[in-house]
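Working notes, structure below.
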Amino acid sequence: MESRGLSNGKKVLKEPSMALTLNDEIIGSKGVKKAEFVRIIAEALYSLGYNKTGAYLEQESGIQFHSSVVTVFVQQILDGSWDESLDSLHKIGIADETVIKLACFIILQQKFLELLDGKKVMEALKTLRTEIAPLSINEIRVRELSSLVLSPSPKVVNGASGKEVVKSKARSELLEDLQKVFPPTVMIPERRLLQLVEQAIDLQRDNCLFHNSVSGETSLFADHSCGRDTIPSHTVQILHDHHDEVWYLKFSNNGKYLASASSDHSAIIWKVNLDGRLSMKHRLYGHQKPVSYVSWSPCDDQILTCGVEEVVRRWDVSSGECLQVYEKGLVGSISCSWSPDGKFIFSGLMDKSIIMWDLEGKETDCLNGERTLRISDLQITDDGELITSCEENRILILDRESGEERFIKEDQVIVSFTLSGDNKFVLVSLVNEELHLWSIQGDIRLVSKYRGQSRSRFIVRACFGGYQQGFIASGSEDSKVYIWHRGLGELIEALEGHSGAVNCVSWNPANPHMLASASDDRTIRIWGLNHAETKSNSRIHYCNGAS
C-alpha cells in the first residue's frame with residue numbers, strides 16, 4: 001500500500017474546507033453518500049497508480065481520501081516510526097478499544113521482528129516483554145515470537161502449532177493487515193470499487209437464466225446478458241449401440257468418457273473425442289441380468305457396473321478387462337460406489353445391508369439393517385460420509401467414523417437422488433413429480449423445488465450440471481429432458497427428441513455445453529449448442545451476448 005496523496009513524504013494539497021458540509025450529501029436513488037462515493041473513486045485511482053489524478057480529485061471535490069490523522073499515520077508506518085504511529089492510532093477516532101489493542105499488537109509485532117532482523121535482540125526482547133505481552137492478545141502468537149529470539153534462522157517452525165513463523169514483512173503489507181482491522185470508514189479496503197463492480201457482475205450472472213459459459217472478458221458498458229443458445233438444447237449425436245432400453249449413464253469425472261448401462265445386460269464405455277463426438281471404446285459383457293448402475297473411480301481409470309439383483313463388476317477403462325467380481329452368496333446387489341481414495345467398494349444389497357469390500361473382493365465391513373431399498377442410490381462424499389435411501393421417504397447421511405446419522409425427510413416416496421460436485425447438496429427426485437434440492441452442509445435444509453417433469457411408473461434420474469453446476473436436468477416419462485435454472489428454480493427447456501421414457505441424464509463436468517440422456521427407445525442422445533459443428537474446446541462462449 002502506498003502513502004496516497006503524499007509527494008516525497010509531504011502533503012502537496014491544502015486540506016479541503018468543504019469536507020464536513022459534503023459528508024451527508026446523497027447522490028442517485030439508492031441513498032449513496034457522495035463523500036463515500038468520491039473516496040472510493042479516489043482509492044481506485046491511487047490503486048491504479050494515478051496518484052496525481054487522485055490528488056486533484058480530492059482537491060476539486062473537497063473530500064479527503066483519508067483524514068489528515070490517517071495520512072500521517074500511514075506515513076509513520078511506512079517510515080517505521082513505531083512509537084509515533086501508536087500515538088496517532090489513538091487520535092484516529094476508533095471507538096472500539098478491542099480494535100485499537102489489536103492494531104497495537106500488529107504494529108508492535110512488526111517493530112519486534114524488524115529489531116530482530118537488525119540483530120537488536122535485547123531491544124526486541126524488551127518490546128516483547130514491556131509492550132506486546134501486556135496487551136494480553138494472542139498468547140500463542142506471543143510464544144511463537146519469543147521462540148524467534150532463540151532462533152538464528154530467518155524462519156522457525158513452532159512446535160506447538162506446527163506453523164512456519166515468518167519474520168518481518170514489508171511495511172506496505174503491514175498497512176494491508178491494519179486496513180483489515182480498521183473500520184472501512186477509517187481506511188477504505190483495497191480495490192473497493194473493483195470489488196463492488198465484480199459483486200454487481202456476479203449478481204447479474206446469478207440472475208441470468210442462461211449463463212452457462214466461462215466468464216471471458218466482461219464489458220462494463222452493458223448489463224450482463226446470455227442468450228438461450230448457451231444451453232445444450234440441440235441433438236448433435238444419437239448413439240444406437242445398445243440393443244434394449246438404456247437405464248443409466250454417467251460422464252467420468254474428467255469428462256473424457258461416458259458410461260452407459262442397459263437392460264441388454266451390457267455396459268458401454270464411450271470416448272469423448274476432441275471434436276465433441278462420442279465413439280465406443282469398450283462394450284462390457286459379463287452380467288447375466290440387466291445392468292442398472294455404473295460408478296466411476298475417483299481417478300477415472302476404473303469403473304463399477306451393477307446388475308439388477310446380481311453382482312458388482314470392476315473394469316479397467318483402458319483395456320475393458322473385468323478385474324474383479326463382488327458378490328455375497330445369493331444376495332444380489334442393487335447399487336455401488338467408490339470410497340474417496342479409490343481403495344474400497346461399497347455395495348447396497350437386496351437384504352437391505354451395505355457391504356464394504358477391498359479391491360481384491362474381501363469383505364471389510366457390513367452395515368446391517370434397513371440401510372438401503374430396492375430403488376436405492378448409494379453415494380460417498382469426499383469426507384467419507386455414506387448417503388443412501390434408508391426408508392421410502394428418508395435418506396440417511398452416515399458419518400462412518402463417528403457413527404453420527406443425519407436424515408433428509410420427505411413427505412413423498414423417494415425415487416432417486418444425486419450428490420452435487422461440491423458435496424454440499426443432494427437433489428432428490430420424488431414420486432409426486434417434483435425435484436427437491438437439499439443443503440447437507442451443517443444443518444440439513446430444503447433449498448428449492450423444481451416441477452414440470454413426468455413420472456408415474458419408472459425410476460427417473462436427475463443431475464446437476466452446466467457452468468459451476470448452475471442448472472438442474474432431469475429425465476421424464478413423457479420422452480423429454482427438462483432443464484431448470486438451479487438458483488431461480490425456473491424451467492427453461494423441455495427438450496424433445498426421444499421416443500420413449502428418458503430414464504437418466506448426465507451433464508459433462510468438463511464441458512457445460514454437453515448433456516447426455518438415456519431412454520427406453522434404446523438410444524443415447526448427446527445434446528449440444530445450436531450450431532452444426534459443436535466442438536469440445538474450440539468454441540468459447542462469452543457473456544453480454546457475444547461469442
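The values are calculated or read from the model by the stated rules, or taken from the named source; none is laboratory data. It should be emphasised that the depicted structure is a prediction, and the values quoted were computed from it without experimental measurement. Because the Cβ atoms are built from the backbone with ideal geometry, glycine has one as well, and the counts that use them run over all protein chains shown. In case anyone asks, the SASA skips ligands and DNA or RNA and just uses the protein heavy atoms, side chains included. Shrake-Rupley method; radii C 1.70, N 1.55, O 1.52, S 1.80 Å.
Of the residues in region 502-523, how many are polar (S, T, N, Q), farther than 12 Å from residue 257 by Cα and in a strand (DSSP E or B)? Looking only at that region, the number is 3.
Restricting to region 431-452, name every residue that is part of a strand (DSSP E or B) and either closer than 20 Å to residue 293 by Cβ or out of contact with any strand residue (DSSP E or B) (no Cβ under 7 Å at 6 or more places or on another chain) (or both). Listed by number, the list holds a single entry, 435.
What are the residues in region 131-158 that are open to solvent by 80 Å² or more (accessible area, probe 1.4 Å) and modelled with pLDDT under 55, if any? If the condition is that a residue be open to solvent by 80 Å² or more (accessible area, probe 1.4 Å) and modelled with pLDDT under 55, then 152, 154, 155, 157 are the ones that fit.
Among the residues of region 218-240, those identified as more than 24 Å from the chain's Cα centre (by Cα), assigned to a loop (DSSP other than H, G, I, E, B) and within 29 Å of residue 522 (Cβ to Cβ) are 233, 240.
Looking only at region 241-264, decide whether some residue is closer than 27 Å to residue 476 by Cα, in contact with a Gly (Cβ under 7 Å, 6 or more places away or on another chain) and among the β-branched types (Val, Ile, Thr). No; the residues of region 241-264 include none that is closer than 27 Å to residue 476 by Cα, in contact with a Gly (Cβ under 7 Å, 6 or more places away or on another chain) and among the β-branched types (Val, Ile, Thr). In summary, residue 182 fulfils each of the numbered conditions (1) at pLDDT below 90; (2) buried (at least 19 other Cβ atoms within 10 Å of the Cβ) with the single exception of condition (1). Looking only at region 104-130, residues that are of a type in the set (S, T, N, Q), loosely packed, with under 14 Cβ neighbours inside 10 Å and within 20 Å of residue 177 (Cβ to Cβ) come to 0 in all. Checked across region 248-260, the condition of being open to solvent by 40 Å² or more (accessible area, probe 1.4 Å) and out of contact with any strand residue (DSSP E or B) (no Cβ under 8 Å at 6 or more places or on another chain) holds for at least one residue.
Residues that are closer than 25 Å to residue 405 by Cβ and surrounded by fewer than 24 Cβ atoms within 10 Å (Cβ to Cβ): does region 462-479 have at least one? There is at least one residue in region 462-479 that is closer than 25 Å to residue 405 by Cβ and surrounded by fewer than 24 Cβ atoms within 10 Å (Cβ to Cβ). Could you please let me know if residue 285 is under 22 Å from residue 325 (Cβ atoms), surrounded by 15 or more Cβ atoms within 10 Å (Cβ to Cβ) and aromatic (Phe, Trp, Tyr)? So residue 285 fails the test. Screening 320, 332, 307, 348 for residues that are open to solvent by less than 30 Å² (accessible area, probe 1.4 Å) and at positive phi leaves exactly one candidate, 320.
Counting the residues of region 312-332 that are modelled with pLDDT under 95, closer than 26 Å to residue 418 by Cα and part of a loop (DSSP other than H, G, I, E, B) gives 2. Within region 292-311, restricting attention to residues that are at pLDDT below 95 and assigned to a strand (DSSP E or B), which residue is farthest from residue 251 (Cα to Cα)? Result: 310.
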